[in-house]
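Peer 1: The structure is given below, and queries will be raised subsequently.
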Amino acid sequence: MAASLWRAVMGSGAPSAQADPTDGVDFWRAPERGGWLDKQGEYIKTWRRRWFVLKQGKLFWFKDSTVTRASVPRGVIPVATCLTVKGAEDVLNRKFAFELSTPRETMYFVADSDKEKEEWINSIGRSIVQHSRSVTDDEIVDYDSGQPTTGDRS
């Protein structure tokens, strides 16, 4: 999952040594949300318990909850690439499950309680809205003329 998300965000091919998947985010300090979730693997569909950190439009995961400046994330999802986050208990037949969908794939997670599931869905949903690119007036095209509009709606 992380590999294909990496390709989706960074382009095809292996990540270069200079590429920074954290994009300069201080993930170790004051996260918007942090906690344990079970995450389904991308290729081998086993479940692994991981510590997740949501900060500045990125969802990071780690093997343990002690996250420092020196920690290396096991993966990162830029939430601006996500389309939906919603409950998935019926899909997985697991309590407290939710899914996060991008144009290329759907990832599955399981929280420890219904309250935590709802808090993660709400936090990720807010982050998606805050970090998704919006269309500005300058980008609206008048399809009759093929020219950008000037913002005048007459």
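The values are calculated or read from the model by the stated rules, or taken from the named source; none is laboratory data. These numbers come from a predicted model, not from an experiment. For neighbour counting, all protein chains shown are included, and Cβ atoms are generated from backbone atoms with ideal geometry for every residue, glycine included. Note: accessible area is taken over every heavy atom of the protein model, side chains too, but ligands, DNA and RNA are not part of it. Shrake-Rupley method; radii C 1.70, N 1.55, O 1.52, S 1.80 Å.
Peer 1: Identify the residue in segment 107-130 that is open to solvent by 60 Å² or more (accessible area, probe 1.4 Å) and closer than 13 Å to Thr84 by Cα and, among all such residues, is modelled with the lowest pLDDT.
Peer 2: Val129
Peer 1: Applying the selection to segment 87-101, what residues are farther than 19 Å from Lys115 by Cβ and either hydrophobic (A, V, I, L, M, F, W, C) or open to solvent by less than 40 Å² (accessible area, probe 1.4 Å) (or both)?
Peer 2: Scanning segment 87-101 gives Val91, Ser101.
Peer 1: So, one more: For Arg29, indicate whether it is more than 19 Å from Glu105 (Cα to Cα), at pLDDT below 90, open to solvent by 60 Å² or more (accessible area, probe 1.4 Å) and of a type outside the set (S, T, N, Q). Outline the logic, then answer.
Peer 2: On the way: more than 19 Å from Glu105 (Cα to Cα): yes; at pLDDT below 90: yes; open to solvent by 60 Å² or more (accessible area, probe 1.4 Å): yes; of a type outside the set (S, T, N, Q): yes.
Answer is yes for this residue.
Peer 1: Based on what the data block shows, is Arg74 open to solvent by 90 Å² or more (accessible area, probe 1.4 Å) and basic (Lys, Arg)?
Peer 2: Values: open to solvent by 90 Å² or more (accessible area, probe 1.4 Å): yes; basic (Lys, Arg): yes.
In short, yes.
Peer 1: Within segment 41-85, how many residues turn out to be among the basic types (Lys, Arg) and under 20 Å from Phe96 (Cα atoms)?
Peer 2: Here is the first cut: in segment 41-85, the ones among the basic types (Lys, Arg) are 45, 48-50, 55, 58, 63, 69, 74.
Within this subset, residues satisfying the condition of being under 20 Å from Phe96 (Cα atoms) are 45, 48-50.
The total comes to 4.
Peer 1: Among Leu59, Leu37, Leu100, which is under 11 Å from the mean Cα position of the chain (by Cα) and touching a residue at least 60 places away in the same chain (Cβ under 8 Å)? Show your work before the answer.
Peer 2: Values: Leu37 fails: under 11 Å from the mean Cα position of the chain (by Cα); Leu100 fails: touching a residue at least 60 places away in the same chain (Cβ under 8 Å).
Selected residue: Leu59, the only one of Leu59, Leu37, Leu100 that is under 11 Å from the mean Cα position of the chain (by Cα) and touching a residue at least 60 places away in the same chain (Cβ under 8 Å).
Peer 1: Looking for whichever is open to solvent by less than 60 Å² (accessible area, probe 1.4 Å), out of contact with any helix residue (DSSP H, G or I) (no Cβ under 7 Å at 6 or more places or on another chain) and not hydrophobic (A, V, I, L, M, F, W, C) here; the options are Lys45, Lys55, Lys63. Which one fits?
Peer 2: Working: Lys45 fails: open to solvent by less than 60 Å² (accessible area, probe 1.4 Å); Lys63 fails: open to solvent by less than 60 Å² (accessible area, probe 1.4 Å).
Going through Lys45, Lys55, Lys63 in turn, the sole match is Lys55.
Peer 1: If you go through segment 64-99, how many residues are closer than 28 Å to Asp23 by Cβ, of a type in the set (A, V, I, L, M, F, W, C) and assigned to a strand (DSSP E or B)?
Peer 2: Number satisfying all stated conditions: 4.
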